[in-house]
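Enquirer: Dumping the structure here so I can ask a few things about it.
The values are calculated or read from the model by the stated rules, or taken from the named source; none is laboratory data. From a predicted model like this one, the values you see are computed outputs, not experimental measurements. Counting neighbours? That spans all protein chains shown, and the Cβs are built from the backbone with ideal geometry, glycine included.
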Amino acid sequence: MHAACDVLIVGAGPSGAVAAQEFARSGMRVICLEQGDWPDYSRARHGHPDYELVSRKHWAWNPNDRRGVGDYAVDDTESDISALMYNGVGGSTVLYAAQWERFQPSDFRTHTLDGVGDDWPFDYWDLEPYYEEVERQFAVSGLAGDPALPPAKAPPLPPVPLNKVGRRGAEALNRLGWHWWPGTNAIATADYGPLRACDQRAACPFGCPTGAKASVDRTHWRPLLGKGVRLVVRASVEQVLLDERGRAGGVVYADENGVRHRIEAGVVVLCANALGTPRILFNSADGSGIANSSGMVGRRLMTHPFGNAIGIFDEDLESWRGPIGQYLHSLQFYETDRSRGFVRGAKWNLIPSGAPLSMMLTTTWGDEPIWGESFTRLLRERLGRSVIWGVICEDLPDPDNRVTLNDRPDEHGIPGVSLHYRVSDNTRAMMHWHIDRVSEVLDVMGAKQKILNPIIPGIGWHLMGTAVMGRDPDSSVVAPDGQCHDVPNLYVFDSSIFPTSSGTNPVATIAANALRCARSLVARRRELEVAS
Amino acid sequence: MTGQDPIRIEARAEVEITADARDRLARVADLLIPAGAGLPSARAAGVHKGLLDQVARARPDLVPPLLDALAALGDAPGLALVEGLATTAPDAYAALTLVVAGGYVMSPQVTEPLRYTPNETEIVDPRDTLNAVAEGLLDQVRARGPIYRVPPDAPPGHGS
């Protein structure tokens, strides 16, 4: 077989980008297939009057609402949480809030410490050098010395400002004697490589118009083009091809016209996220599925149930401005205390509340009717005078929470996916307890009104766990370096392989782990058996 | 959600917005957003005039369901009838309310009294947080020491 490339990556999100960069640096020929297209930043309209109108369509977080190039139907009718993602170059870093959190040491040892979930096959300190490396790739801004984490080198850039909102939150946490630390974000606070200093448009989750947020279309893919990397957009991978010995020989993808193409490769790396990766594995071998002798493909889906607590104040806090992003985070109650009635914990972060429609045309700003006499009063009360505490709960793995193929294909005939997901009793108890604590913080901050939203069904940003890594082929899909137990030259580098979810934002760990896996593959590439 | 196939071609506003439709929108808009709190009504802000044209240019896909909503409401709806569309015609209701509120907050007559000036950007000043730290805002957090849990198999030097 004459391979078109040494390694073929499926998916141009953060794991694919970090891996592609590492492979290219080692001299490997790389092709990446991405089902979406490049982000169109001409539609990032912040500063224009029609900003929110355009954002609600073109930067919609749910692919079922956005229905753009590369989006496929995700049936969430049997799920407590909707899956959010961006299908395009940059993946969900195009829409993420760029809150950059290393997982905690305890996250890698939940079974040892708390008797739940599974221990990872490596620990925090194994991943630590990779965190440090990718923090330079992602222009991370923050402040060293956070006592909620082991000692680490400072991020390359200083933290975002606290502004009025962050300072008020910090002072309240100090009065309560609770932990906080200035926010760590993948947001440039000074010009840095291809990025420019943040100008506080509070538009991070709607396609950063400034180019300050480290989305990998900007930090990785643009610089990689012409350096041994070929990126093909509007290429929807249908299946991985296996030879008679069970080795991956490449993939079949559909181009934008639905025409099938076969592309051969020495190694295939799936970086298609925790929905897209099992979708491809299930659909391979003409729908019979591959890499699933353990029966774990698609299972253990984790989504990070998200809640928030909104505070409304008398003072003008200019809270339509700022990075989103996080001004600060608190991990005061992150570690397990069984007296609270649940195990594991949650992270809190404080953000500005943003633009007017986001607080008027939504289901998360309380039950008070907005139309009629109340509209102008509510608009005046909320805009610039409100803050949001976000709460992310650790979501423990459950084999019954899963992704399956459905019989509703995309426009090219590739099956879509269905989610079967229920929020656990442990997570519900955790969320309610934490929202109560955050409510206390809002009281100390002086909020005149509070709106509490434990578990928001429409927000499932962090998709993990559906091709779990482990040492035992009977209970895991991939080995600790991402290599499929069943197909030795097929790898998975995305968050599908996370054994547990942590209770913090996963992109830092997605990037660090992808770098760890890619470096391992490069070191072993001479010994890999490829298709014949 | 779903099960719908993705739309690959943007819907365009090929339907004319008549003077009658604009008059109807003005009446409905004032039901949804009457004047108050020092802010104008939606009609006074002009959501049925130039703002509607701006909305239609930004979101042509909203125009057909907007016209459906206006047709369904007739000449003299009350607020309750308008809000009832949320149940009987949710897509039309969503378009109508987004057109009215979206157009309303585009008006300088609204944004200026609110001191909402998103076109004025402000580059971050990294000294802001560092100055707060220098003032001692983090001292007590630091003084309390590490709060993370160290697993029993952590490498030597990390608490094990």
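Condition check ((1) surrounded by 21 or more Cβ atoms within 10 Å (Cβ to Cβ); (2) in contact with a helix residue (DSSP H, G or I) (Cβ under 7 Å, 6 or more places away or on another chain); (3) at the interface with another protein chain (Cβ under 10 Å from one of its Cβ atoms)) across all residues:
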| residue | (1), (2), (3) |
| --- | --- |
| A:389 | yes, yes, no |
| A:395 | yes, yes, no |
| A:399 | no, no, no |
| A:403 | yes, yes, no |
| A:406 | no, no, yes |
| A:413 | no, no, no |
| A:419 | yes, no, yes |
| A:422 | no, no, no |
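Enquirer: Report, by residue number, each residue of the range B:38-88 that is polar (S, T, N, Q) and over 20 Å from residue A:373 (Cβ atoms). Break it down stepwise before answering.
Expert: Applying the first criterion (polar (S, T, N, Q)) to the range B:38-88 yields B:41, B:54, B:87-88.
Those that are polar (S, T, N, Q) and over 20 Å from residue A:373 (Cβ atoms): B:54, B:87, B:88.
Enquirer: Also, quick follow-up: Report, by residue number, each residue of the range B:105-159 that is crowded, with 18+ Cβ neighbours inside 10 Å and in contact (Cβ under 8 Å) with a residue 24 or more places away in the chain.
Expert: B:106, B:107, B:110, B:114
Enquirer: Considering only the range A:181-201, state which residues are within 8 Å of another protein chain (Cβ to nearest Cβ) and under 30 Å from residue A:357 (Cβ atoms).
Expert: Step one: list which residues in the range A:181-201 are within 8 Å of another protein chain (Cβ to nearest Cβ), which gives A:181-182, A:189-190, A:197-201.
Of everything in the range A:181-201, those that are within 8 Å of another protein chain (Cβ to nearest Cβ) and under 30 Å from residue A:357 (Cβ atoms) turn out to be A:182, A:189, A:197, A:198, A:199, A:200, A:201.
Enquirer: Here's something else I'd like to know. With A:139, A:97, A:83 as the choices, which residue is touching a Cys at 6+ places or on another chain (Cβ under 6 Å), small (Gly, Ala, Ser) and in contact (Cβ under 8 Å) with a residue 60 or more places away in the chain?
Expert: Details: A:139 fails: touching a Cys at 6+ places or on another chain (Cβ under 6 Å); A:83 fails: touching a Cys at 6+ places or on another chain (Cβ under 6 Å).
Testing whether each residue is touching a Cys at 6+ places or on another chain (Cβ under 6 Å), small (Gly, Ala, Ser) and in contact (Cβ under 8 Å) with a residue 60 or more places away in the chain leaves just A:97.
Residues checked against (1) touching a residue at least 12 places away in the same chain (Cβ under 8 Å); (2) farther than 18 Å from residue A:360 by Cβ; (3) in contact with a His (Cβ under 6 Å, 6 or more places away or on another chain); (4) among the aromatic types (Phe, Trp, Tyr):
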| position | (1), (2), (3), (4) |
| --- | --- |
| B:15 | yes, yes, no, no |
| B:35 | no, no, no, no |
| B:41 | yes, no, no, no |
| B:47 | yes, no, no, no |
| B:50 | no, yes, no, no |
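Enquirer: For the range A:500-530, name all the residues that are touching a strand residue (DSSP E or B) at 6+ places or on another chain (Cβ under 6 Å) and either hydroxyl-bearing (Ser, Thr, Tyr) or more than 15 Å from residue A:6 (Cβ to Cβ) (or both).
Expert: Filtering the range A:500-530 down to residues touching a strand residue (DSSP E or B) at 6+ places or on another chain (Cβ under 6 Å) leaves A:501, A:503-505, A:530.
Those that are touching a strand residue (DSSP E or B) at 6+ places or on another chain (Cβ under 6 Å) and either hydroxyl-bearing (Ser, Thr, Tyr) or more than 15 Å from residue A:6 (Cβ to Cβ) (or both): A:501, A:503, A:504, A:505.
Enquirer: Need pairs with beta-carbon distance below 8 Å; first residue without any contact (Cβ under 8 Å) to a residue 40 or more places away in the chain and charged (D, E, K, R) and within the range A:176-198, second crowded, with 24+ Cβ neighbours inside 10 Å and assigned to a loop (DSSP other than H, G, I, E, B); sequence gap 6+ or separate chains.
Expert: Cβ pairs passing all conditions: A:196/A:188; A:196/A:212.
Enquirer: Can I ask one more? Run down A:23, A:103 and say which single residue is part of a loop (DSSP other than H, G, I, E, B) and surrounded by 24 or more Cβ atoms within 10 Å (Cβ to Cβ). If you could, list the steps in order and put the result at the bottom.
Expert: Details: A:23 fails: part of a loop (DSSP other than H, G, I, E, B).
None of the other options fit; the residue is A:103.
Enquirer: Looking at B:80, B:143, B:56, B:95 in this structure, which one is modelled with pLDDT under 95, part of a helix (DSSP H, G or I) and more than 9 Å from chain A (Cβ to nearest Cβ)? Outline the logic, then answer.
Expert: On the way: B:143 fails: modelled with pLDDT under 95; B:56 fails: modelled with pLDDT under 95; B:95 fails: modelled with pLDDT under 95.
B:80 is the lone residue from the list that is modelled with pLDDT under 95, part of a helix (DSSP H, G or I) and more than 9 Å from chain A (Cβ to nearest Cβ).
Enquirer: Pick from the range B:59-77 the residues that are part of a helix (DSSP H, G or I) and within 14 Å of another protein chain (Cβ to nearest Cβ): which of them is nearest to the chain's Cα centre (by Cα)?
Expert: Residues of the range B:59-77 part of a helix (DSSP H, G or I): B:60-73.
Now narrow it down to the ones that are within 14 Å of another protein chain (Cβ to nearest Cβ): B:60-63, B:65-66, B:69, B:73.
On the way: B:60: 17, B:61: 16, B:62: 14, B:63: 17, B:65: 18, B:66: 17, B:69: 20, B:73: 24 Å.
Checking each candidate, the answer is B:62.
Enquirer: Given the residues A:110, A:93, which is the only one that is in contact with a strand residue (DSSP E or B) (Cβ under 9 Å, 6 or more places away or on another chain), under 28 Å from residue A:515 (Cβ atoms), hydroxyl-bearing (Ser, Thr, Tyr) and buried (at least 19 other Cβ atoms within 10 Å of the Cβ)?
Expert: Working: A:110 fails: in contact with a strand residue (DSSP E or B) (Cβ under 9 Å, 6 or more places away or on another chain).
Going through A:110, A:93 in turn, the sole match is A:93.
Enquirer: With the range A:255-361 as the region, which strands (runs of 3 or more DSSP E) entirely inside it contain at least 1 residues that are of a type in the set (Asp, Glu)? Even if it seems obvious, please write down each step before you answer.
Expert: Working: elements: A:260-270, A:306-312, A:328-330, A:346-352.
Where strands (runs of 3 or more DSSP E) fall fully within the range A:255-361 and carry at least 1 residues being of a type in the set (Asp, Glu), they are A:260-270.
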